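Notes to accompany the following structure.
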Amino acid sequence: MSNLTFAIIKPDAVKNGNTGKIYDRIISAGFKILGAKLIRMTLAQAQGFYAIHEGKPFYDELTDFMSSSQSMVLALEKDNAVSAWRETIGATNPEEAAEGTIRRDFATSIGENAVHGSDSDENAKKEIGFFFSKSELITNQ
Ligand code: CMP
């Protein structure tokens with residue numbers, strides 16, 4: 001069990017002006033932000049990040065969408081961070097997401113679902129490393 005997870009505020013949420021509201025959810029759920037940056041993912045980055053989904057019917061749509069405009073990548077810290085963040089964001093499909101979760105409140109579809117969260121400690125480490133160098137993360141507090 002690790003205290004780190006990786007999150008993305010996806011292009012739909014950034015475009016819709018929901019970045020600040022989602023930051024509020026992050027803070028009020030008790031996460032500490034160790035790193036954050038606004039990026040425009042390249043198609044190659046999106047394809048690399050989501051390589052695990054290569055070959056699935058939604059892969060091209062997903063990688064086109066993730067590289068279509070700006071998103072915010074974040075490294076988050078909290079006890080049991082992976083499951084705590086997944087609870088905060090809700091189910092992948094916003095129609096199935098619980099009341100009060102980020103996807104329930106801000107996602108518009110399964111493809112444009114406002115936020116990403118790592119699904120395991122191992123992937124959290126890999127995903128943080130995909131977008132952040134060590135010097136970009138707060139590690140001394
Ligand atoms: P995310 O948590 O970023 O991880 C993989 C993403 O694939 C997921 O959120 C969804 O946005 C997307 N996804 C999963 N299933 C589908 C689907 N059936 N159609 C379109 N996109 C999907």
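Every number in this text was worked out from the coordinates using simple rules, so none of it is lab data. If you're wondering where the values come from, they're calculated on a predicted model, not measured in any experiment. Please note: Cβ atoms are built from the backbone with ideal geometry, for glycine as well, and neighbour counts cover all protein chains shown.
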Checklist entry - Does the stretch 2-50 hold any residues that are in a helix (DSSP H, G or I), free of Cβ contacts under 8 Å to residues at least 24 places away in the same chain, surrounded by fewer than 15 Cβ atoms within 10 Å (Cβ to Cβ) and small (Gly, Ala, Ser), and which are they? => result Gly20, Ser28, Ala44
Checklist outcome for this item: Reported set for the stretch 110-130 where residues are part of a helix (DSSP H, G or I) and surrounded by 21 or more Cβ atoms within 10 Å (Cβ to Cβ) is Ala124, Glu127, Ile128
Checklist entry - Which one is nearest to Asn3 (Cα to Cα) among residues in the stretch 89-109 that are part of a loop (DSSP other than H, G, I, E, B) and in contact (Cβ under 8 Å) with a residue 24 or more places away in the chain? => result Ala107
Next on the checklist: Whether any residue in the stretch 56-76 is buried (at least 19 other Cβ atoms within 10 Å of the Cβ), closer than 20 Å to Lys134 by Cβ and away from the ligand (no atom under 15 Å from the Cβ) is what I want to check.
Outcome noted: yes
